[in-house]
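Engineer: Please see the structure below; I have some questions.
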Amino acid sequence: MEKEKNPLLREKVNAWDALAEGEMAKLNDYCDSYINYLSGAKTERLAHDLIIEEAKKYGFVDMNDVIKNNTGLKTGDKVYMSTGGRTVMLVKIGKKPLEEGLRIVGGHTDSPRLDTKPYPLHESKEMALIDTHYYGGVRKYQWVTIPLAMHGFFAKKDGTIVKVNIGEDPKDPIFMISDLLPHLAKDQKGKKITEAITGEDLKVIIGTKPVEDKEAADRIKLAMLELLNEKYGIDENDFVSADIQFVPAGPARELGLDRSIIAGYGHDDRICAYAGAKALFDQTEDPEYTSVIILCDKEEIGSMGRTGMNSNIFENEMAEIVNAVEGSFCELKLKRTMRNSYMISADVTNVHDPVHPEVDSPRNETMMSSGVNIKKYSGHGGKGGTTDASPEFMAKMRNIFDDNGVVWHASEMGKIDHGGGGTIAQYMAKYGMEVVDCGTGVLNMHAPYELASKVDTYMTYKGYAAFLMDIEA
Ligand code: MN
Ligand code: MN
């Protein structure tokens, strides 16, 4: 006989137990498409390009064409807007006036990685090496002795763009950063983990074969430049105007005997970014409130700069939407649109690690397979560097998720004063809109390979879809 549940107590759910009949096939389809996306989205630019490519298939048009042709926008119209090839916004116009507010899902597509320095190429002790400068919260010791791929592009003086992608095709060569052998690591072993491998140690080995000319200086470096010139037409100076990144090589994969986990580089935050975009793509009806998906860049370094959420991108782009929908621009209408909006700040959080349980606060941690996570606040210390979602909005979220069969839980990121983290929530809350952090739990966040439960991955998508359609003012 099933034990009677006490309605006063919260019921902890393993999301695998809570799938509706026939839902497993949907979950698998969704996760397959996400694995495919993540395997291609190795940089923020690729993440951006793949979303736009997909958006076009779903009938989204370039907002620049709407502006140029002055065609305006009406209910059901779908547009995308790109800034700097790194940040993309997707908009589907809803039935209600814009002034009644938007339903926004905002994630980021940049992930921790190794960028090249302006003059990175040199040779030392019969090897050619590239100096890197790490980007975001990189734990340096994790990036040595793993296969790396080289991605990005060179912008040449004549304006041409040369794209680079080496190390993903199984026939491609890979790259690697060395580490000491244990036999000679006596001194290194005594160092703190943050000092054992330094930022300057992150030098990528790219080759060893010199040019034939024995009289030439830096014969190996020169040989590498010859190869790069042959393939991409670039020279040493072109590194100055380039976005070249080294990231873990290879596709995202299933993990576990039961294939229940997705292992891949860059779950943070492509897992939430993709869920938001896909939730919008899969909408079968026009939403009541205009749906907006904003996938930004530079979150990992504090959301600064032209393509970060601490810029004016969002309001500038919404100004264009207001103008196109209303036929004229009115700043007051834009401000009301923003103020009356509801937003999910779509970002990952840490899954509780049974090997390192001491960092989480009991009862308030994010368990593997507990569905999509809701955070009233992130930040650190006394809730610094965050926005605190209103209880009213939290109640709406609970209601919508429960009504739509979305398994969810609430948590904090780690114990008090053990660290913490911020998201883009605070940069959107400044417009007066309601914002809540909500996303997928990820094990070993920011590591070269991060892990996420498939059921949590799926529940994130399902949760965002429900939010876009059903959150009422
Ligand atoms: Mn993130
Ligand atoms: Mn992060």
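The values are calculated or read from the model by the stated rules, or taken from the named source; none is laboratory data. Remember, it's a predicted structure, so these values are computed and weren't measured experimentally. Cβ placement follows ideal geometry from the backbone for every residue including glycine, while neighbour counts extend to all protein chains displayed. Note: areas computed on protein heavy atoms with side chains; ligands, DNA, RNA excluded. Shrake-Rupley method; radii C 1.70, N 1.55, O 1.52, S 1.80 Å.
Engineer: Restricting to Cα atoms and excluding each atom paired with itself, what does the Kirkwood estimate give for region 113-248 in Å?
Structural biologist: Taking every pair of different Cα atoms in region 113-248, averaging 1/r and inverting gives 16.0 Å.
Engineer: Turning to a different aspect of this structure: Shape call for the chain from the C-alpha gyration tensor, a ≥ b ≥ c root eigenvalues: rounded (a/c under 1.5), prolate (a/b greater than b/c) or oblate?
Structural biologist: Oblate shape, in that a/c is at least 1.5 and b/c is the bigger or equal ratio.
Engineer: Can you give me the C-alpha center-to-center distance between region 72-95 and region 205-270, rounded to a whole angstrom?
Structural biologist: 34 Å
Engineer: Lys and Arg at +1, Asp and Glu at -1: add these up for the other residues within a Cβ distance under 12 Å of I234 and post the number.
Structural biologist: Combined, the nearby Lys, Arg, Asp and Glu give -2.
Engineer: Within 12 Å, Cβ to Cβ, of G101, how many net charges do the neighbouring residues add up to if Lys/Arg are +1 and Asp/Glu are -1?
Structural biologist: Local net charge: +1.
Engineer: Using a simple charge model, +1 on the beta-carbon of Lys and Arg, -1 on the beta-carbon of Asp and Glu, nothing else, what dipole does the chain show about its Cα centre, in debye to the nearest 20?
Structural biologist: 480 debye
Engineer: Further question on the same structure: What percent does the relative contact order of the chain come to when contacts are Cα pairs within less than 8 Å and at least six residues apart?
Structural biologist: RCO, the chain: 22 percent.
Engineer: Let me ask you something else. Would you mind getting the accessible area per residue of region 220-281, heavy atoms of the protein chains only, 1.4 Å probe, in Å²?
Structural biologist: That works out to 37 Å² per residue.
Engineer: Hey, another quick one. Hey, got the dipole for region 113-248? About the Cα centre, +1 on K and R Cβ, -1 on D and E Cβ, debye to the nearest 20?
Structural biologist: My answer is approximately 620 debye.
Engineer: How much of the accessible area of region 286-382, probe 1.4 Å, is carbon plus sulfur, in whole percent?
Structural biologist: Its accessible area is 50 percent carbon and sulfur atoms.
Engineer: Could you check how much of the accessible area of region 113-248 is carbon and sulfur, as a whole percent, using a 1.4 Å probe?
Structural biologist: 54 percent
Engineer: Can you tell me the relative contact order of region 270-347? Whole percent, Cα pairs under 8 Å, sequence separation 6 or more.
Structural biologist: Rounded, it is 20 percent for region 270-347.
Engineer: Checking the a/c ratio against 1.5 first, then a/b against b/c, what shape does the Cα gyration tensor give for region 381-473?
Structural biologist: Oblate, since a/c reaches 1.5 and b/c is not below a/b.
Engineer: Under the rule that an exposed site lies in a DSSP loop and has at most 10 other Cβ atoms within 10 Å, name the longest stretch of the chain with no GluC sites (Glu not before Pro) of that kind, not counting the sites themselves.
Structural biologist: Value returned for the longest uninterrupted segment is 286-471.
Engineer: Setting aside same-chain residues fewer than 8 positions from K3, which lysines have a Cα under 21 Å from its Cα?
Structural biologist: Output for K3: K12.
Engineer: How much accessible surface area, in Å² rounded to 10, belongs to the heavy atoms of H48 with a 1.4 Å probe?
Structural biologist: Roughly 10 Å² of H48 is accessible to a 1.4 Å probe.
Engineer: Let me have the 222 nm mean residue ellipticity of the chain computed from DSSP H runs of 4+ only, each contributing -39500 (n - 2.57), with the sum over all residues rounded to the nearest 500.
Structural biologist: The helix contribution divided over the chain gives -8500 deg cm²/dmol.
Engineer: If you count only protein heavy atoms and use a 1.4 Å probe, how large is the accessible surface of T71, to the nearest 10 Å²?
Structural biologist: 100 Å²
Engineer: Compute the distance in nm between two label points, each set 7 Å from the Cα along the Cα-to-Cβ direction, one at M24 and one at N310.
Structural biologist: Going by the 7 Å Cα→Cβ label model, 4.7 nm.
Engineer: Quick check: net charge around I193, other residues with Cβ under 12 Å of its Cβ, Lys/Arg +1 and Asp/Glu -1?
Structural biologist: Neighbourhood net charge equals +4.
Engineer: Still on this structure: Just going by the charge dipole of region 24-108, with Lys and Arg at +1 and Asp and Glu at -1 on Cβ, which of V79, I93, H108 is farthest out on the positive end?
Structural biologist: My answer, from the dipole projection, is I93.
Engineer: Still on this structure: Under 1.5 on a/c is rounded, so check that first for region 398-441, then, if it is not, pick prolate when a/b is larger than b/c and oblate when it is not; a ≥ b ≥ c are the square roots of the alpha carbon gyration tensor eigenvalues.
Structural biologist: Because a/c hits 1.5 or more and a/b fails to exceed b/c, region 398-441 counts as oblate.
Engineer: Between region 438-455 and region 297-368, what's the alpha-carbon centroid distance in Å?
Structural biologist: 19 Å
Engineer: Enumerate by residue number the trypsin sites (Lys or Arg not before Pro) in region 214-251 meeting two conditions: DSSP loop (anything except H, G, I, E, B), and at most 14 other Cβ atoms within 10 Å of the site's Cβ.
Structural biologist: K214
Engineer: So, one more: When the accessible area of region 40-104 is split by element with a 1.4 Å probe, what percent falls to carbon and sulfur?
Structural biologist: It is 47 percent, rounded to a whole number.
Engineer: Now, a different point. Can you tell me, using C-alpha contacts under 8 Å and at least 6 residues apart, the relative contact order of region 118-251 as a whole percent?
Structural biologist: Reported as a whole number, the value is 39 percent.
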